[in-house]
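Trainee: Okay, here's the structure, questions in a sec.
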Amino acid sequence: MKRDILIRNLPSDIRQWIDNQRKRSRMSQQEFMTKLLNDISGNAQLRMPNSTERAVKMSTGKLPFSFVDLFAGIGGFRLGLEGIGGKCLFSCEWDKYAQKTYSAWFGDVPEGDIREIEPRSIPDHDILTAGFPCQPFSIAGVSKKKSLGREHGFKDQTQGTLFFHLARIVEQKRPPIAILENVKNLRSHDKGNTWAVIKKRLESLNYRVYSDIIDARHWVPQHRERMFIVCFDKEMFGDTPHFSFEPIPKPRKRLFGDILEPAPPSKYILSDKLWNYLQAYAEKHRQRGNGFGYGLTDLEGISRTLSARYYKDGSEVLIPSDNGGNPRRLTPREAANLMGFPSRLPITVSDTQAYKQFGNAVVPKVVEFVGRRALAAVCELIRESGNSCLLKNQRKANR
Ligand SMILES: C[S@@+](CC[C@H](N)C(=O)[O-])C[C@H]1O[C@@H](n2cnc3c(N)ncnc32)[C@H](O)[C@@H]1O
């Protein structure tokens, strides 16, 4: 093999050094040696082959790739994937307020109801992303639907079946990779049956399916566990893509106090009526031996999960007063900060809509992490196969 020829006459300590360096830079021996020679000689004829260049670019997160953003909300997936070189070709979101935010941030208005979108009209893409609606599966959504005597999970006719529309798009468009996100409870909903059905459907489409619960606290000062599902087309990646969610980075040192605004308006302070109600409610549940109630957040720690219902009373993430008064809720900008949305993005909707949007969103930094991991699997495949046009769009373009 070429790589043996490159290094066979070298002393063992140098071979050891090469091995360590190339592992650190995630290159094969041949790639590393070629790069080293390139660097040393500056000789244009020793340039790395195209596939290797692509692989190296990918591992550093600079590979251009395309994606579509389904159930886009305000574009948490889009921000995360654009941050690592992705180009969004299509988005779909039916809520007009979310569309307003999305268009203010990205310059285009998403398509509406996914059920009315003809899959063939969606452009070919490398990665399909979707944070499909979670209310049919979330603990809060399920108990609300039960209390109203309504069906939940797949039996919820309006929202529970949207996964199957998504699966139909995957079936027709066959993206090399799909990244889906949902609440943690998806895994245990209906004693695990819901997740079993979803996984089986994706596997029946010939995808290798990985899933894990990731806590956004590794990136933002918020406990927010979400289920991430990463699917690889087996036709392209085989049965065992080089993919793993591990290792997840250590939690960042960012503290809840860091995301607060210096002088929030007094309108965010809870009224006596609401504060008394929340305390009485918490006390009632404490006596019954359970932990329901408001969350007064430690400024030196992390907050509870921001939910889409935060606009109602803000109870899950309250900020203690520093003068003994009533606590306050987050401002919309602080909610954005808590989710890791950059401050350059304007908030163009009402407070209520902003809280809903941030509470529904995915943390872009987590998407960036999962996206990088998925691209690393592509990178490994390119290295193994030496094929420089792995991704769908490039494959087509080169035909
Ligand atoms: C969990 S949120 C996704 C949030 C998104 N990941 C983000 O970062 O903002 C699900 C989204 O699906 C949208 N949705 C629900 N039903 C839909 C439908 N039939 N067609 C299009 N969008 C829909 C909801 O309005 C909601 O914004």
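The values are calculated or read from the model by the stated rules, or taken from the named source; none is laboratory data. Since we're looking at a predicted model, the values are computed, not measured. As a convention, Cβ positions derive from the backbone with ideal geometry for all residues, glycine included, and neighbour counts pool all protein chains shown.
Yes/no matrix, rows are residues, columns are (1) modelled with pLDDT under 95; (2) closer than 18 Å to A374 by Cα:
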{"site": "N193", "(1), (2)": "yes, no"}
{"site": "V220", "(1), (2)": "no, no"}
{"site": "H223", "(1), (2)": "no, no"}
{"site": "V230", "(1), (2)": "no, yes"}
{"site": "K234", "(1), (2)": "no, yes"}
{"site": "K250", "(1), (2)": "yes, no"}
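Trainee: Quick one: how many residues across the stretch 107-128 are within 14 Å of the ligand (Cβ to nearest atom), closer than 17 Å to E82 by Cβ and either exposed (fewer than 10 other Cβ atoms within 10 Å of the Cβ) or modelled with pLDDT under 95 (or both)?
Mentor: Within the stretch 107-128, residues that are within 14 Å of the ligand (Cβ to nearest atom), closer than 17 Å to E82 by Cβ and either exposed (fewer than 10 other Cβ atoms within 10 Å of the Cβ) or modelled with pLDDT under 95 (or both) number 0.
Trainee: Could you say whether any residue in the stretch 183-190 is assigned to a loop (DSSP other than H, G, I, E, B), farther than 26 Å from I122 by Cα, of a type in the set (A, V, I, L, M) and in contact with a strand residue (DSSP E or B) (Cβ under 9 Å, 6 or more places away or on another chain)? Spell out the reasoning first.
Mentor: Restricting attention to the stretch 183-190, the residues satisfying the condition of being assigned to a loop (DSSP other than H, G, I, E, B) are 187-188.
If we keep only those that are farther than 26 Å from I122 by Cα as well, we get 187-188.
Restricting the remaining residues to those that are of a type in the set (A, V, I, L, M) gives none.
Checking the stretch 183-190: not a single residue is assigned to a loop (DSSP other than H, G, I, E, B), farther than 26 Å from I122 by Cα, of a type in the set (A, V, I, L, M) and in contact with a strand residue (DSSP E or B) (Cβ under 9 Å, 6 or more places away or on another chain).
Trainee: Please determine whether any residue of the stretch 352-364 is surrounded by fewer than 21 Cβ atoms within 10 Å (Cβ to Cβ), away from the ligand (no atom under 16 Å from the Cβ) and more than 15 Å from G73 (Cβ to Cβ).
Mentor: Let us first name the residues in the stretch 352-364 that are surrounded by fewer than 21 Cβ atoms within 10 Å (Cβ to Cβ), namely 352-353, 359.
From what's left, away from the ligand (no atom under 16 Å from the Cβ): none.
No, the stretch 352-364 contains no residue that is surrounded by fewer than 21 Cβ atoms within 10 Å (Cβ to Cβ), away from the ligand (no atom under 16 Å from the Cβ) and more than 15 Å from G73 (Cβ to Cβ).
Trainee: Determine which member of the set F154, F137, F163 is outside the structural domain of A308 (by TED's automatic domain parsing), at pLDDT below 95, touching a strand residue (DSSP E or B) at 6+ places or on another chain (Cβ under 7 Å) and not in a strand (DSSP E or B). Can you show your working first?
Mentor: Details: F154 fails: touching a strand residue (DSSP E or B) at 6+ places or on another chain (Cβ under 7 Å); F163 fails: touching a strand residue (DSSP E or B) at 6+ places or on another chain (Cβ under 7 Å).
Within the list F154, F137, F163, the selection yields F137.
Trainee: Looking at the stretch 195-216, which of the residues that are buried (at least 20 other Cβ atoms within 10 Å of the Cβ) and at pLDDT 95 or above is nearest to L260 (Cα to Cα)?
Mentor: Filtering the stretch 195-216 for residues that are buried (at least 20 other Cβ atoms within 10 Å of the Cβ) and at pLDDT 95 or above, the one nearest to L260 (Cα to Cα) comes out as A216.
Trainee: What's the total number of residues in the stretch 338-351 that are more than 14 Å from Y102 (Cβ to Cβ) and within 15 Å of the ligand (Cβ to nearest atom)?
Mentor: Filtering the stretch 338-351 for residues more than 14 Å from Y102 (Cβ to Cβ) gives 338-340, 342-344, 350-351.
Adding the requirement that they be within 15 Å of the ligand (Cβ to nearest atom) leaves 338-340, 342.
Of the residues in that region, 4 qualify.
Trainee: Sort out which residues of the stretch 365-382 are over 8 Å from the mean Cα position of the chain (by Cα) and either aromatic (F, W, Y) or within 16 Å of the ligand (Cβ to nearest atom) (or both), and write them in order of number. So that I can check it myself, show each step before the final result.
Mentor: Keep residues of the stretch 365-382 that are over 8 Å from the mean Cα position of the chain (by Cα), which gives 372-382.
Across the stretch 365-382, there are no qualifying residues.
Trainee: Answer with yes or no whether N326 is modelled with pLDDT of 95 or more, within 12 Å of the ligand (Cβ to nearest atom) and not β-branched (V, I, T). Let's see the steps before the verdict.
Mentor: Working: modelled with pLDDT of 95 or more: yes; within 12 Å of the ligand (Cβ to nearest atom): no; not β-branched (V, I, T): yes.
So N326 fails the test.
Trainee: Answer yes if at least one residue in the stretch 159-175 is within 16 Å of the ligand (Cβ to nearest atom) and charged (D, E, K, R), and no otherwise. Quick ask: steps written out before the conclusion?
Mentor: Residues of the stretch 159-175 that are within 16 Å of the ligand (Cβ to nearest atom), as a first pass: 159-170.
Subsequent filtering for residues that are charged (D, E, K, R) retains 168.
Among the residues of the stretch 159-175, at least one is within 16 Å of the ligand (Cβ to nearest atom) and charged (D, E, K, R), which makes the answer yes.
Trainee: For the stretch 237-253, does any single residue satisfy the condition of being on the phi > 0 side of the Ramachandran plot and either of a type in the set (S, T, Y) or under 28 Å from the mean Cα position of the chain (by Cα) (or both)?
Mentor: Here is the first cut: in the stretch 237-253, the residues on the phi > 0 side of the Ramachandran plot are 238.
Narrowing the set further to residues that are either of a type in the set (S, T, Y) or under 28 Å from the mean Cα position of the chain (by Cα) (or both) leaves 238.
Yes, because at least one residue in the stretch 237-253 is on the phi > 0 side of the Ramachandran plot and either of a type in the set (S, T, Y) or under 28 Å from the mean Cα position of the chain (by Cα) (or both).
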